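A.B. asks: Handing you a structure now.
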Amino acid sequence: MLPWNRTTRGLRPLAALLLTAAALLAPSAAAQAATDTAPAATTVSRGWNNYACKPSAAHPRPVVLVHGTFGNSVDNWLALAPYLVNRGYCVFSLDYGQLPGVPLFNGLGPIAKSAEQLRDHVDKVLAATGAPEADLVGHSQGGMMPRHYLKFLGGAAKVNALVGIAPDNHGTTLLGLTKLLPYFPGAEHLLTLATPGLADQIAGSAFVTKLNEGGDTVPGVRYTVIATKYDEVVTPYRSQFLDGPDVTNVLIQDKCAADLSEHVAIGLVDRIAYHEVTNALDPAHATPTTCASVIG
């Protein structure tokens with residue numbers, strides 16, 4: 001159970017509203033994942049999380065997939081992981097940000113602590129594969145949280161590229177819902193107490209402010225942001241984009257105007273976005289992304 005208590009009953013309506021809206025991040029596949037008896041962190045699903053995999057000369061770095069808020073290492077990647085495996089990549093995923101008593105739905109703990117979990121997982125992957133660096137691909141919080149690892153936990157020395165799919169790099173207003181918090185005294189404290197990973201993602205939070213102080217990027221890492229103008233969770237959608245050297249910002253509607261994917265779909269099923277992911281992972285062999293890229 002989340003740590004609600006009697007003294008905060010009057011604040012529950014707003015907190016419930018924010019949590020319900022944020023639950024748009026939870027992939028529907030989580031319901032199926034609930035039937036699995038094996039721990040998600042050790043699941044080998046359709047060819048990924050294979051620690052015997054050795055990167056090839058064509059794809060010399062392992063790819064670590066970082067799920068979004070309410071996601072986990074399996075349900076967020078049921079499409080993208082095999083898409084990359086089938087293209088010759090060694091692919092791994094992790095669970096992070098777990099709360100006690102909340103199974104399957106991760107990414108709710110303090111983001112700085114989640115970044116430490118990512119650090120440890122990258123070390124594990126590099127040790128297993130023998131590669132000196134990894135590439136990171138994250139959806140939503142999973143595209144933003146690694147920036148803390150890169151900036152404050154030494155990750156820049158171990159990561160070649162970060163690809164964020166709909167990342168909340170500068171926080172989110174959640175379609176303006178977060179602007180209601182000042183009208184409910186104590187609501188933000190309650191949100192921080194119950195689900196600190198959500199509170200950290202609010203535009204203007206202490207975490208987001210620290211993350212972006214001194215610039216969005218760190219030297220030595222290539223950054224790609226893939227966004228959709230129909231994003232209803234990370235708002236405004238242009239706040240996802242980064243400034244700095246070695247940054248590529250992509251709006252998928254500039255590649256295919258007919259693409260109607262919103263926040264969840266762009267990470268879970270969007271082949272236009274996936275084609276841009278492969279371009280970002282292997283820019284030397286990038287090919288144009290168009291509406292026809294869904295066929296590839």
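The values are calculated or read from the model by the stated rules, or taken from the named source; none is laboratory data. The model shown is predicted, which means the values in this text are computed figures rather than measured ones. Glycine gets a Cβ as well: all are built from the backbone with ideal geometry, and neighbour counts include every protein chain shown. Protein only, heavy atoms only, side chains kept; ligands, DNA and RNA dropped before computing areas. Shrake-Rupley method; radii C 1.70, N 1.55, O 1.52, S 1.80 Å.
A.B. asks: Step by step: first the residues of the range 84-101, then only those that are among the small types (Gly, Ala, Ser) and over 19 Å from the mean Cα position of the chain (by Cα), then the one that is nearest to Ala58 (Cα to Cα). Which residue is that?
C.D. replies: In this case the residue turns out to be Gly88.
A.B. asks: Can you give me the ranges of the strands (runs of 3 or more DSSP E) entirely in the range 91-176 with at least 2 residues that are touching a His at 6+ places or on another chain (Cβ under 6 Å)?
C.D. replies: The strands (runs of 3 or more DSSP E) meeting that bar number zero.
A.B. asks: For the range 123-144, how many residues are in contact with a strand residue (DSSP E or B) (Cβ under 7 Å, 6 or more places away or on another chain), closer than 21 Å to Phe105 by Cβ and among the small types (Gly, Ala, Ser)?
C.D. replies: 3
A.B. asks: I've got another one for you. Tell me, which helices (runs of 4 or more DSSP H) wholly within the range 213-296 include 3 or more residues that are buried (at least 20 other Cβ atoms within 10 Å of the Cβ)?
C.D. replies: Once the helices (runs of 4 or more DSSP H) in the range 213-296 are filtered for at least 3 residues that are buried (at least 20 other Cβ atoms within 10 Å of the Cβ), what remains is 263-268, 271-281.
A.B. asks: Pairs under 6 Å by beta carbon, first residue surrounded by 24 or more Cβ atoms within 10 Å (Cβ to Cβ) in the range 66-95, partner of a type in the set (Asp, Glu) and at pLDDT 95 or above, six or more apart or different chains?
C.D. replies: Qualifying pairs under 6 Å: Asn72/Asp95; Ser73/Asp95.
A.B. asks: If you don't mind, another one. Restricting attention to the range 197-207, does a residue exist that is under 19 Å from Gly154 (Cβ atoms) and either open to solvent by less than 10 Å² (accessible area, probe 1.4 Å) or at pLDDT 95 or above (or both)?
C.D. replies: Yes; the residues of the range 197-207 include at least one that is under 19 Å from Gly154 (Cβ atoms) and either open to solvent by less than 10 Å² (accessible area, probe 1.4 Å) or at pLDDT 95 or above (or both).
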